[in-house]
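*Asks:* Here you go, one structure.
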Amino acid sequence: MPPETPHCEMTSMERVMTTIGLHEPDRVPLFLPLTVQGAAEMGVPLQEYFRSPRLMAESQLRFRQRYGNDFLCGPSYSAVEFEAFGGEVRFYERGPPNAGEPIVRSPDDIAGLGVPRIEECPALCRLLEAQSLLSAAAKGAVPVVGVVVSPFSLPVMQMGFPAYLQMLMDVPEALEPLWSINETFCVAWANAQLAAGATALVYSDPVSSSTILTPELYRRLGQPIARRTLARIAGPTVTHFASGRALSILPDVLATGTQGVAISADDDLAAVKAAVGRRASIFGNLNGLAMRHWNEAEAERQVKNAIAAAGVGGGFVLTDHHGEIPFDVPDAVLLAVAESVRRWGQYPLTWVDAWRASR
């Protein structure tokens, strides 16, 4: 049974900051990253939604009220950074925007790239305005989360996946000018979001995951870039592998200075908890794709599994493992996830030992 006498109720900011500080708050914080759903919530096409800071902010405030989300998601889409470099973004009816044709097809194209000026990219400016609106509405009681794509992962959009991976394997030194440009942009974009009101940033680095690269390649190429970049970002970061596995590289990830790690559903969450210890907070790790087929009972079971694996002692935020919950996840499932966190996430987690023993 869940505890009957939880800690005094905290604000979301207090709850999250206590968790990031690796202590037990009143309950496990909930982070439901709902981006494309915002367009449906506001009754407009996705492209129109991302053109309106007011609509973006209003949708996130509605989601917080409905689900009890402990974070306000600064609305974003990964391809917006590709757009800042002059790339085309393709919008879809029921899914996230994607990058169009690559803008870098040879090393010569890298030489022609410059670092985008944030104030000259309307799409970036709209996202900053939405974050400012969310920050004003939160009044310091709810964290606002921004997102940046790592300099090491952004070339997937700039070059296309096959071409980038081929160069990574064959001539990584030829990519250093592109990484340098991306690093300058990433730091500027991250700090602009913090200045606009973001409390913390997700550092999205899927290419560094063990699903895509060997740990040796991450240590040699991705980790030094992350270490340099995070040192220049003027706020806390959570390194996110967008559902990619990270257990085998966790010591190297933690050495970058990140304050948190987002974990794949393909990783053993209890093993991650043991490996991370008291060095960082853990975000994870509900499978968003599988969530489309859950019912309320399965949602509760998955929430209990995650909390039992990583919640004891604090330092754990319940969220999905990809950083974006698919459009087709039923509302009833999201409500069940939220209710299950409120029921089973109350500290102290006195039910966990019995739950583990019963499995």
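The values are calculated or read from the model by the stated rules, or taken from the named source; none is laboratory data. Keep in mind it's a predicted model, so treat the numbers as computed, not measured. So basically every Cβ, Gly included, is an ideal-geometry build from the backbone, and we count neighbours across all protein chains shown. These accessible areas exclude ligands, DNA and RNA; they are computed on the full protein's heavy atoms, side chains included. Shrake-Rupley method; radii C 1.70, N 1.55, O 1.52, S 1.80 Å.
*Asks:* Taking amide H positions as placed 1.01 Å from N in the peptide plane, with prolines and chain starts having none, which residues 5 or more places from Asp320, or on another chain, fall under 5 Å of its amide H?
*Replies:* Amide H to amide H, under 5 Å and 5 or more residues apart or across chains, Asp320 pairs with Leu286.
*Asks:* Using a Gaussian network model of the chain whose springs link C-alpha atoms within less than 10 Å, name the residue from Cys125, Cys73, Cys186 with the highest mean-square fluctuation.
*Replies:* Cys125
*Asks:* Mind listing the long-range amide H neighbours of Val147? Cut-off is under 5 Å, sequence gap 5 or more, other chains count too, H placed in the peptide plane at 1.01 Å from N.
*Replies:* Counting only residues 5 or more places away or on other chains, the set is Val202.
*Asks:* So which DSSP H runs in the chain come out at 18 Å plus along the axis (Cα) with average Kyte-Doolittle of at least -0.5?
*Replies:* Helices passing the filter in the chain: 122-138, 176-196, 296-310, 331-344.
*Asks:* Continuing with the same structure: Quick one: compute the contact order of the chain, relative version, from alpha carbon pairs under 8 angstrom and 6+ residues apart, as a percent.
*Replies:* Result for the chain is 22 percent.
*Asks:* Under the definition of Cα pairs under 8 Å and six or more residues apart, what whole-number percent is the relative contact order of the stretch 210-359?
*Replies:* 21 percent
*Asks:* Please give me, ordered by residue number, the trypsin sites (Lys or Arg not before Pro) of the stretch 1-80 that lie in loop per DSSP and have at most 16 other Cβ atoms within 10 Å.
*Replies:* Details: sites: Arg15, Arg27, Arg51, Arg54, Arg62, Arg64, Arg66; in loops: Arg51.
Passing both the DSSP loop test and the Cβ count: Arg51.
*Asks:* With a cut-off of at most 13 other beta carbons within 10 Å, and DSSP calling the residue loop, which trypsin sites (Lys or Arg not before Pro) in the stretch 178-259 qualify? Please list them.
*Replies:* none
*Asks:* I would also like to ask the following. Of Gln346, Gln131, Gln166, which has the largest mean-square fluctuation in a 10 Å C-alpha GNM of the chain?
*Replies:* The residue that fluctuates most here is Gln166.
*Asks:* Could you order peptides 87-100, 146-159 by the average number of other Cβ atoms within 10 Å of their residues, highest first?
*Replies:* Details: 87-100: 15.3, 146-159: 25.4.
Result, highest mean first: 146-159, 87-100.
*Asks:* For the chain, which whole-number percentage of the solvent-accessible area (1.4 Å probe, protein heavy atoms only) is attributable to carbon and sulfur atoms?
*Replies:* Details: 7580 of 14340 Å².
Here carbon and sulfur together make up 53 percent of the probe-accessible area.
*Asks:* Kindly provide the helix-only [θ] at 222 nm of the chain, computed as the sum of -39,500 (n - 2.57) over DSSP H runs of four or more divided by all residues, to the nearest 500 deg cm²/dmol?
*Replies:* When only DSSP H runs of four or more count, the value is -13000 deg cm²/dmol.
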